[in-house]
Structures are given as structure tokens and as C-alpha cells.
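The values are calculated or read from the model by the stated rules, or taken from the named source; none is laboratory data. Small disclaimer: the values here were computed from a predicted structure and weren't measured. Neighbour counts run over all protein chains shown; Cβ positions are idealised from the backbone, glycine included. Just the protein is used for accessible areas: all its heavy atoms, side chains included, with ligands, DNA and RNA removed. Shrake-Rupley method; radii C 1.70, N 1.55, O 1.52, S 1.80 Å.
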Amino acid sequence: MITLKTISLFLALAMAFSSVNVAEAQTKKKAIPKSFQRKPAPKVYSDSKNNNARNQIQSAITQFKNGNYQSAANTLYALTKRNDLLAERPQLRLYLGEALMEMNLNQTAAFQFVDLIKSGDGRFTRQAIEKLLIVTDRLGDETLLNYAIQRIDVSSVPNQHREMLHYRLGEIKSANGEFSAAAQSFAKVGPQSRYYFNALYELGLAQAEAKQPELAIGTFKKLLSVRDNAKVTDTNKVAAMMGIARSLYQRKDFEGAIDMYSKIPRDHVMWHDAMFEKSWAMLRAARFRSALSNFQSLHSSYYEDFFIPESLLLRSIVYLYICKYDEIEKVLSLYEKQYGPVQSSIENFLRSNPASVSYYSEVEKAYIMRKEEDVVKKTTLPLKVVNKISQEGNVRRSLAYIKKVVEERRLIEENPALRSSAVGQYALKILNNRIKGAKDLTGDMVKAHLENMNTELKDLQEQASLIRYEMINGKKETIKKRIAGKDLTDLQVDDKQDRSFYVQNGYEYYPFQGEYWLDEVGNYHYLGKQSCE
């Protein structure tokens with residue numbers, strides 16, 4: 001798409017070229033062709049008096065400089081194993097790591113840079129840390145990324161990588177609960193960076209966590225404005241809207257939060273969360289009918305694999321406010337029917353599976369099922385539990401990291417010459433170990449989330465018991481009033497408009513029998529009455 005900016009650039013370039021005089025043009029014609037220019041020989045740090053060894057090092061580095069990365073990697077790897085080249089090993093590891101980076105073997109390259117950093121050789125440590133930052137950023141390996149960041153001076157990092165470093169520093173500080181410091185790091189990421197949109201969102205989150213909702217709203221609005229021309233379902237755009245809504249709720253501006261939640265597009269993955277959170281805002285704003293309308297969508301069969309136990313209890317609380325005791329009993333029975341077996345399943349799984357690999361296997365099945373719909377993988381845990389855990393931030397990032405390491409292994413296995421070489425065998429050993437270690441670590445994450453989920457369900461069960469107690473108490477009071485001859489009101493929940501208002505404006509009505517149509521999800525309207533005096 002040709003823009004005004006593009007046309008201006010073309011005109012500027014045309015003027016620049018037209019201003020080149022004849023003398024300059026003749027000078028360019030007489031320039032020495034590239035093929036005749038002498039390339040400077042790469043510098044070799046070697047104390048060895050063995051000319052053969054020096055020549056081999058020189059040859060390997062030359063191969064690297066000429067782009068023959070696979071040959072260079074094989075030669076460099078062999079040289080790093082020689083005991084007579086201990087002094088040269090740091091430089092050899094640096095070039096080997098860079099060659100592996102060029103071959104997209106980032107995890108294998110990371111090991112070279114870590115070994116070089118550990119060697120303490122001051123000549124190459126800074127370069128090794130910079131390269132390690134790049135490969136760990138590509139991989140999303142948080143452990144190695146933290147290792148590199150703790151050893152680097154931000155001012156020494158080249159400008160093209162500095163903003164990535166600020167973003168990663170912000171992530172680490174935010175994970176450690178240092179939200180003000182995290183916000184300062186995220187704020188240093190400029191618009192020219194590929195991390196800019198993520199940094200804006202994370203900045204808003206850090207400000208919200210630091211109990212600065214006004215600042216958070218301003219940041220999220222900024223993200224929304226820079227994504228203004230993006231499509232409706234653009235994730236950055238939707239995330240900004242969710243951030244604004246949550247910050248408004250934090251500020252206790254419930255009507256503003258409801259309005260922003262309502263703008264989340266229905267065909268985006270965040271819509272379901274927005275609908276649930278909006279229901280809380282409606283309860284706080286005493287908009288009971290609107291909240292109950294949302295529950296018809298949230299509890300439709302379309303979302304039967306979603307883990308949302310709290311929404312059932314929230315629904316029963318709304319019924320409690322309007323004294324619909326029979327409806328409370330139905331919802332609490334539904335909660336026990338759906339989540340009683342879930343809690344038992346979680347407790348049994350935790351009790352009978354001590355190994356991390358069992359927990360990883362469950363989320364791996366869910367991951368495969370999402371990516372390949374025709375694959376049937378039966379999970380031991382309820383699918384709604386596995387889906388919920390697999391979407392947790394640290395689990396999702398860990399799964400993405402494992403996927404990248406598996407792809408790196410596939411690159412080697414599909415290259416017969418590389419696979420059979422010494423460096424290829426070395427790389428496969430590293431990758432297999434890393435995949436196993438990452439799966440064990442992911443399994444531990446899953447187990448921790450499962451334990452938290454079990455604790456949450458126990459707490460919710462106690463809340464369900466309290467709601468049932470309030471329901472029984474409310475029923476008792478209602479019976480007393482009826483015996484005393486008092487007439488109980490039968491008013492609209494939170495709206496005095498009757499059905500005729502809606503019918504006259506084109507709406508259709510039919511008795512709800514539990515059927516759910518996908519195109520109607522999100523458009524249900526509750527017309528019940530309240531029964532409180």
C-alpha cells in the first residue's frame with residue numbers, strides 16, 4: 001500500500017540521486033570491484049607455537065566469515081576439544097556459538113555462551129552475554145535469560161538489543177512483585193521496538209498492580225489508540241480494552257467497566273472472560289437482571305469445557321439478592337454436580353501421581369487436541385481442568401519453549417550430514433536433555449496449579465455452604481411473613497419495563513427450556529421478577 005510517507009521518501013531519494021555530479025559518478029566507476037578487495041583476516045587470539053593449530057583456527061574462522069556455518073561449526077567444535085588449545089577455547093566457543101546461531105540452533109548455541117561466561121575470560125565475556133541474550137530471547141528460556149541479565153551492564157548492550165533487554169528486565173521485576181521498578185523498565189521500550197505493544201500492555205498491568213489505576217487506564221488507552229486501525233479482533237487492541245475495563249473496576253467505576261467490557265468482540269478468545277468479569281461489575285452496580293442475562297450465555301453447553309466454578313456461585317448470589325430461593329437451589333445443585341466430581345478427580349490425581357511427567361502428559365494431550373482437532377487424546381483429569389491449566393502464563397510459555405527446542409532437534413534430524421557429525425551428535429544430546437528437563441519443570445508447574453485449583457474448589461465449596469445457609473434462612477423468613485399475612489412483592493428485578501416494550505421494538509420471546517443456539521449466545525435477556533419484600 002503506497003502511502004503519502006512512501007511517496008515523500010521516493011521523491012527525496014530521486015532528488016538525492018539527481019544531485020550526484022559527474023565527477024562523483026566517474027569516481028564510482030573507478031572504484032575497485034568487490035572481488036578484488038582484500039578482506040581483513042580475522043584476528044586470532046592464540047599463544048600456541050604450533051603453526052598447524054593456528055592455521056586450523058584461522059581456517060575455521062574464515063569458514064565462519066564466509067558463511068560456511070556448518071563446516072565452521074564442525075571444525076570449531078573439534079578444536080574446542082583439544083587440550084593443547086585451552087587458551088584459545090574461549091574464542092573458539094564464541095565463534096562456535098555464533099555459527100550455531102546462524103544455523104538456527106539457538107539452544108545449542110546458548111550452551112557455548114554460558115560456558116564462555118563461566119570461564120571468566122574478559123576478552124569475550126561481554127560479547128558472549130550479548131549473544132546469550134539474543135538466543136534466550138528467541139527461545140523464551142526464562143532461566144538462561146535471567147542468568148544473562150544478571151551479568152550485564154545495560155549501557156554496554158548495543159542499541160538494537162537494548163530495548164529487548166529493558167522489556168525482559170521489566171518481566172523479571174514484575175514476576176518478583178517489583179511493580180514500580182518493572183514499570184520503569186517497560187516505559188523505556190520505544191515505538192520502534194518489536195516489543196513496544198507488549199511493553200505498553202505490561203506497563204499498564206504493572207501500574208494496576210502498583211495500585212495506580214489512573215496511570216494504568218492512560219497506558220491502556222495509549223495502546224488502544226496506536227492499534228486504532230487494526231482489525232476488531234486484534235489481540236493487542238482487545239487486551240487494551242480488557243485492561244481499561246479491569247482498571248475501571250479497580251477504581252470502582254462499575255458502570256464504566258461494564259461499558260468497556262461490552263465492547264469486547266464476541267468472536268475473540270477473551271470474550272468469555274469479559275462476560276464473566278462484567279457480571280461481577282453488574283452485581284456491584286446492582287444490575288441484577290443484566291447479570292442474570294450473562295449467566296445464560298456463560299453456562300450454555302458451548303462452554304461446558306470451561307473451568308468457571310465461581311460463576312455458578314455468583315449466579316446463586318444474584319438470586320439470593322432477589323430472593324429467588326428455588327433458583328438458588330437449582331444452581332447450587334448444578335455446582336455440586338459439575339464440580340464435586342472435578343474436585344474428587346483432582347485429589348485422586350494428586351494422590352496417585354508423584355512423577356512430574358504425569359502432569360506434563362495431561363497438558364500435552366490438551367495442547368495436541370487444540371492444534372489437531374482430528375486427534376483424540378483422552379485425559380485422565382477432566383478436560384475443563386486441563387484446558388484451564390494449559391492456558392496459565394508460565395505453563396503456556398514453557399510449552400512454547402519446548403516446541404522451539406523440539407523444532408531445533410528436528411532441524412538436525414532432517415539434515416543427515418549434520419546429524420552424523422560430531423557437533424550434530426553433541427547438539428542432539430543437549431537438546432534431548434533440555435526437552436526432558438523442560439517437561440519435568442512444566443510438570444511441576446502443572447502440579448502447583450492443580451494444587452491451587454484444589455484449594456480454590458475447597459474454598460468455593462465452603463462458600464456454597466454459606467449461600468445454602470442464607471437461602472434456608474431466607475426461606476424461613478419468607479414463610480414467617482406469609483403466615484403473618486404479609487403480601488410479598490413481585491417486582492421486576494431492576495427494570496420497570498414490561499415485555500411489551502421489547503416486543504414493540506422487534507424482540508422475540510419464547511419459554512427458555514435449556515436450549516442454546518450459538519448465534520444467540522451473548523444475546524439473552526432475563527425478565528424474571530424479584531420476590532423480596
Legend entry - Flag for GLY120 being within 30 Å of ARG409 (Cα to Cα) and open to solvent by 50 Å² or more (accessible area, probe 1.4 Å): yes
Legend entry - Count of residues meeting criterion [closer than 18 Å to ALA216 by Cα, basic (Lys, Arg) and buried (at least 22 other Cβ atoms within 10 Å of the Cβ)] in the stretch 238-295: 1
Legend entry - Residue tally, condition under 38 Å from the mean Cα position of the chain (by Cα), open to solvent by less than 50 Å² (accessible area, probe 1.4 Å) and polar (S, T, N, Q), over the stretch 55-79: 1
Legend entry - Among residues of the stretch 368-387, those that are open to solvent by 60 Å² or more (accessible area, probe 1.4 Å) and modelled with pLDDT under 90, counted: 8
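Could we say that TYR401 is surrounded by 14 or more Cβ atoms within 10 Å (Cβ to Cβ), within 30 Å of VAL135 (Cα to Cα) and of a type in the set (Ser, Thr, Tyr) here?
Details: surrounded by 14 or more Cβ atoms within 10 Å (Cβ to Cβ): yes; within 30 Å of VAL135 (Cα to Cα): yes; of a type in the set (Ser, Thr, Tyr): yes.
Considered against the rule, which asks whether it is surrounded by 14 or more Cβ atoms within 10 Å (Cβ to Cβ), within 30 Å of VAL135 (Cα to Cα) and of a type in the set (Ser, Thr, Tyr), TYR401 comes out as yes.
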Inset, instruction - Go through the stretch 302-339 and give me each residue that's open to solvent by less than 30 Å² (accessible area, probe 1.4 Å) and touching a residue at least 60 places away in the same chain (Cβ under 8 Å). - result: PHE307, PRO309, LEU313, SER316, ILE322, CYS323, ILE328, LEU332, TYR335, TYR339
Inset, instruction - Check whether at least one residue in the stretch 464-474 is surrounded by 13 or more Cβ atoms within 10 Å (Cβ to Cβ), charged (D, E, K, R) and under 30 Å from LEU313 (Cβ atoms), and report yes or no. - result: yes
